[in-house]
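Remarks on the structure that follows.
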Amino acid sequence: MTDPRPEETTGSRPSRSAYMRAYRARYKATRKRVSVVLRMEDWRALRDAAVAQGKRPQVLAKSVVLDHLANRRPIHPEAARRLDEALRLLSTVANNVNQIAHRLNEDALAGRPAPDAREARALLGGIFEGLGLVRSEVASMAAKAVGGGPP
């Protein structure tokens with residue numbers, strides 16, 4: 001029986017070099033590095049787009065390729081910003097609905113009379129107006145995303 005090389009084990013754990021060999025073998029079996037040659041003007045366009053999105057060019061290129069393979073369209077940064085804004089508006093509307101429901105429940109438990117119909121209609125009208133703004137904003141962004149340009 002042969003003794004293991006001294007660098008192969010340290011007590012009950014494998015050595016760093018043995019660990020790294022196993023890691024590299026697992027990595028090589030599950031990953032593939034791809035090299036792409038670009039013309040300088042294409043590289044500059046990729047670099048500029050990546051900088052505009054706050055990404056490295058390699059990260060943007062990988063994202064574009066994987067999105068294309070999955071038949072997804074990347075979201076333009078301005079569209080993402082507007083979608084975030086629409087989601088914040090929707091969150092505000094939902095918060096307002098929750099506050100109204102909370103107030104009505106407190107009033108009912110305390111035996112206070114419910115607000116009159118005009119007040120309830122005014123509150124609901126404001127809520128529906130906010131939801132309409134969110135709906136039109138999202139529809140506008142979706143229509144422009146189909147065109148592929150900024151919203």
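If you check residue 35 against the conditions, is it out of contact with any helix residue (DSSP H, G or I) (no Cβ under 8 Å at 6 or more places or on another chain) and closer than 30 Å to residue 135 by Cβ?
Details: out of contact with any helix residue (DSSP H, G or I) (no Cβ under 8 Å at 6 or more places or on another chain): yes; closer than 30 Å to residue 135 by Cβ: no.
Answer is no for this residue.
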Evaluation of residue 84 against (1) in contact with a helix residue (DSSP H, G or I) (Cβ under 7 Å, 6 or more places away or on another chain); (2) closer than 30 Å to residue 126 by Cβ; (3) not hydrophobic (A, V, I, L, M, F, W, C) (one fails), failing number: (1)
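For the stretch 101-120, which positions are closer than 23 Å to residue 132 by Cα and surrounded by 10 or more Cβ atoms within 10 Å (Cβ to Cβ)? Break it down stepwise before answering.
First, the residues of the stretch 101-120 that are closer than 23 Å to residue 132 by Cα: 101, 117-120.
Residues satisfying the conditions are 101, 119, 120.
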Condition met for residue 93 (more than 30 Å from residue 43 (Cβ to Cβ) and touching a residue at least 40 places away in the same chain (Cβ under 8 Å)): yes
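Name the residues in the stretch 89-123 that are assigned to a helix (DSSP H, G or I) and modelled with pLDDT under 75, would you? Reasoning before the result, please.
Kept after step one, since they are assigned to a helix (DSSP H, G or I), are these residues of the stretch 89-123: 89-110, 117-123.
Listed by number, the residues that qualify are 117, 118, 120, 121.
Scanning for something within 13 Å of the chain's Cα centre (by Cα) and either loosely packed, with under 14 Cβ neighbours inside 10 Å or closer than 14 Å to residue 131 by Cα (or both), does the stretch 86-100 turn up at least one residue? Let's see the steps before the verdict.
Looking only at the stretch 86-100, we keep the residues that are within 13 Å of the chain's Cα centre (by Cα), and these are 87.
Within this subset, residues satisfying the condition of being either loosely packed, with under 14 Cβ neighbours inside 10 Å or closer than 14 Å to residue 131 by Cα (or both) are 87.
Yes; the residues of the stretch 86-100 include at least one that is within 13 Å of the chain's Cα centre (by Cα) and either loosely packed, with under 14 Cβ neighbours inside 10 Å or closer than 14 Å to residue 131 by Cα (or both).
To keep it simple, each residue is scored yes or no on (1) modelled with pLDDT of 85 or more; (2) in contact with a Pro (Cβ under 9 Å, 6 or more places away or on another chain).
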site: 9; (1), (2): no, no
site: 16; (1), (2): yes, no
site: 27; (1), (2): yes, no
site: 53; (1), (2): yes, yes
site: 60; (1), (2): yes, yes
site: 69; (1), (2): no, no
site: 76; (1), (2): no, yes
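Mind listing whichever residues of the stretch 23-72 are aliphatic (A, V, I, L, M), in a helix (DSSP H, G or I) and loosely packed, with under 11 Cβ neighbours inside 10 Å? Even if it seems obvious, please write down each step before you answer.
From the stretch 23-72, those aliphatic (A, V, I, L, M) are 25, 29, 34, 36-38, 40, 45-46, 49-52, 59-61, 64-66, 69-70; that's our starting set.
Okay, now just the ones that are also in a helix (DSSP H, G or I), so 25, 29, 40, 45-46, 49-52, 59-61, 64-66, 69.
Hits for the stretch 23-72 are 25, 29, 40, 69.
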Per-region count, the stretch 73-88, residues in a loop (DSSP other than H, G, I, E, B) and among the charged types (D, E, K, R): 1
Pairs with Cβ under 6 Å, 6+ apart, first in the stretch 63-83 and at negative phi, second assigned to a loop (DSSP other than H, G, I, E, B) and not aliphatic (A, V, I, L, M): 67/74; 76/150; 78/150; 78/151; 79/151; 82/151
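The values are calculated or read from the model by the stated rules, or taken from the named source; none is laboratory data. Worth saying up front: this structure is predicted, and the values here are computed from it rather than measured. Reconstructed Cβ throughout: ideal geometry from the backbone, glycine too, with neighbour counts over all protein chains shown.
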